[in-house]
């Protein structure tokens with residue numbers, strides 16, 4: 001999402017060399033580059049002007065600590081100001097009310113409200129252990145009602161029925177009654193998409209809000225909408241008492257400026273970020289972590305949380321035992337690791353959260369980190385017999401031909417996978433004998449594991 005912005009800001013910071021302090025003259029060109037980077041990322045002009053001015057005020061005259069370069073000192077200042085724009089701290093859904101706690105979603109047509117409602121329900125069910133009910137008041141798009149019903153079944157939420165012939169206010173009243181009878185902790189109301197310039201539709205959403213009396217009113221916005229999203233957010237904020245924003249499609253080709261603009265313009269915190277199509281692809285929005293991600297510092301804390309939430313503990317413990325002994329790391333284990341990686345959003349999503357060296361181009365690395373290749377490797381392993389997965393050395397030429405045919409790939413692809421497994425097995429043995437330091441010393445450049453971008457075997 002922020003690849004271009006990250007690259008431009010990194011280049012700008014590197015342009016400051018040889019100075020003992022930050023002055024008006026030596027940061028002038030750098031701040032001009034930062035301004036251009038923000039404008040290219042679709043950040044609203046008033047937000048850019050205010051941001052640059054605050055950074056300039058803080059930077060001018062700033063002594064550069066011995067441990068920092070001038071560029072690093074400026075990055076530190078920019079990081080602080082980004083955190084301030086993005087909202088200081090994460091605000092979870094307020095569940096400290098008499099159930100059912102009503103959460104209402106509003107936004108433009110096509111922003112992804114219905115899918116977001118299901119994602120939010122899943123998160124509340126799995127992480128907060130809440131009983132959640134979903135209801136759609138979108139009478140203008142009958143398919144939305146059926147879509148939400150289907151998604152409710154997928155995520156394990158209750159569903160309050162509705163149809164296009166009813167008034168939205170009546171649907172809400174019945175849903176509240178259903179939620180009380182069903183002992184639901186949370187009721188999520190999915191409203192119809194509407195243009196902020198449509199007076200009748202805006203009157204309808206205000207009536208729904210009055211009937212539902214939600215604790216949270218969240219504005220769902222497409223992160224690829226650019227400046228239109230900022231205008232819509234302003235209009236919705238004037239019509240409804242919004243309590244926060246959810247960014248959708250953050251995994252797409254958006255430039256990221258919406259995240260900075262919407263928070264600054266509306267004054268409402270960004271609460272969540274949709275990072276994929278699946279119902280588990282919803283991240284809590286942490287301003288400090290996001291600021292670090294924008295500046296190429298990674299977001300290791302979120303990555304750790306995802307690993308803890310999504311990795312199957314039994315498989316992880318089994319692998320840990322094998323890692324300890326250095327024996328028995330077979331192709332089934334390799335497949336499990338590849339599948340776990342895909343479950344966490346793939347290599348690209350993981351790279352977003354890892355801190356990368358300044359000389360590494362994130363976009364180029366993501367292009368190399370192709371999830372299609374991972375899926376091909378899984379297909380190859382699935383084409384093997386259990387005995388072949390356990391004893392890869394038994395796989396001869398004829399077996400390779402059969403496996404390649406079963407996976408719809410070439411023998412070279414099978415050979416590449418077997419080589420990767422052999423390298424990983426050696427790595428496991430090094431870890432068991434001499435620890436991580438010994439393993440890293442054995443890698444070219446001391447870096448990525450075999451089979452991964454930048455690692456051996458590529």
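Within 27 Å of residue 98 (Cα to Cα) and in contact with a strand residue (DSSP E or B) (Cβ under 9 Å, 6 or more places away or on another chain): does that describe residue 248?
no
Can you tell me which of 274, 193 is under 19 Å from residue 102 (Cα atoms) and either at pLDDT 85 or above or touching a helix residue (DSSP H, G or I) at 6+ places or on another chain (Cβ under 8 Å) (or both)?
One residue alone meets the criteria, 193.
What do you reckon, is residue 144 touching a strand residue (DSSP E or B) at 6+ places or on another chain (Cβ under 8 Å), crowded, with 20+ Cβ neighbours inside 10 Å and assigned to a helix (DSSP H, G or I)?
Answer is yes for this residue.
Only one residue in 177, 138, 185 is within 31 Å of the chain's Cα centre (by Cα) and over 27 Å from residue 237 (Cβ atoms), so which one is that?
Within the list 177, 138, 185, the selection yields 185.
Among the residues of segment 147-172, which ones are part of a helix (DSSP H, G or I), within 24 Å of residue 206 (Cβ to Cβ) and without any contact (Cβ under 8 Å) to a residue 40 or more places away in the chain?
Within segment 147-172, 170, 171 meet the criteria.
Quick check on my filter: what residues within segment 224-241 are over 18 Å from the mean Cα position of the chain (by Cα), at pLDDT below 80 and assigned to a loop (DSSP other than H, G, I, E, B)?
Matches in segment 224-241: 226 only.
For residue 235, which of the numbered conditions (1) within 30 Å of residue 49 (Cα to Cα); (2) without any contact (Cβ under 8 Å) to a residue 40 or more places away in the chain; (3) touching a strand residue (DSSP E or B) at 6+ places or on another chain (Cβ under 9 Å) fails to hold?
Tallying (1) within 30 Å of residue 49 (Cα to Cα); (2) without any contact (Cβ under 8 Å) to a residue 40 or more places away in the chain; (3) touching a strand residue (DSSP E or B) at 6+ places or on another chain (Cβ under 9 Å), residue 235 fails exactly one: (3).
Hey, can you tell me all the residues within segment 173-218 that are assigned to a helix (DSSP H, G or I), surrounded by 19 or more Cβ atoms within 10 Å (Cβ to Cβ) and in contact with a strand residue (DSSP E or B) (Cβ under 8 Å, 6 or more places away or on another chain)?
175, 176, 179, 205, 208, 209, 212, listed by residue number.
Give the residues of segment 45-61 that are crowded, with 17+ Cβ neighbours inside 10 Å and either at pLDDT below 80 or on the phi > 0 side of the Ramachandran plot (or both), sorted by residue number.
Scanning segment 45-61 gives a single hit, 59.
Taking segment 386-411 as the search range and keeping residues that are free of Cβ contacts under 8 Å to residues at least 60 places away in the same chain and not in a helix (DSSP H, G or I), which one is surrounded by the most Cβ atoms within 10 Å (Cβ to Cβ)?
Result: 395.
The values are calculated or read from the model by the stated rules, or taken from the named source; none is laboratory data. A quick note: this is a predicted structure, and the numbers were derived from the prediction, not measured. A quick note on method: Cβ atoms are made from the backbone with ideal geometry, for glycine too, and the neighbour counts reach across all protein chains shown.
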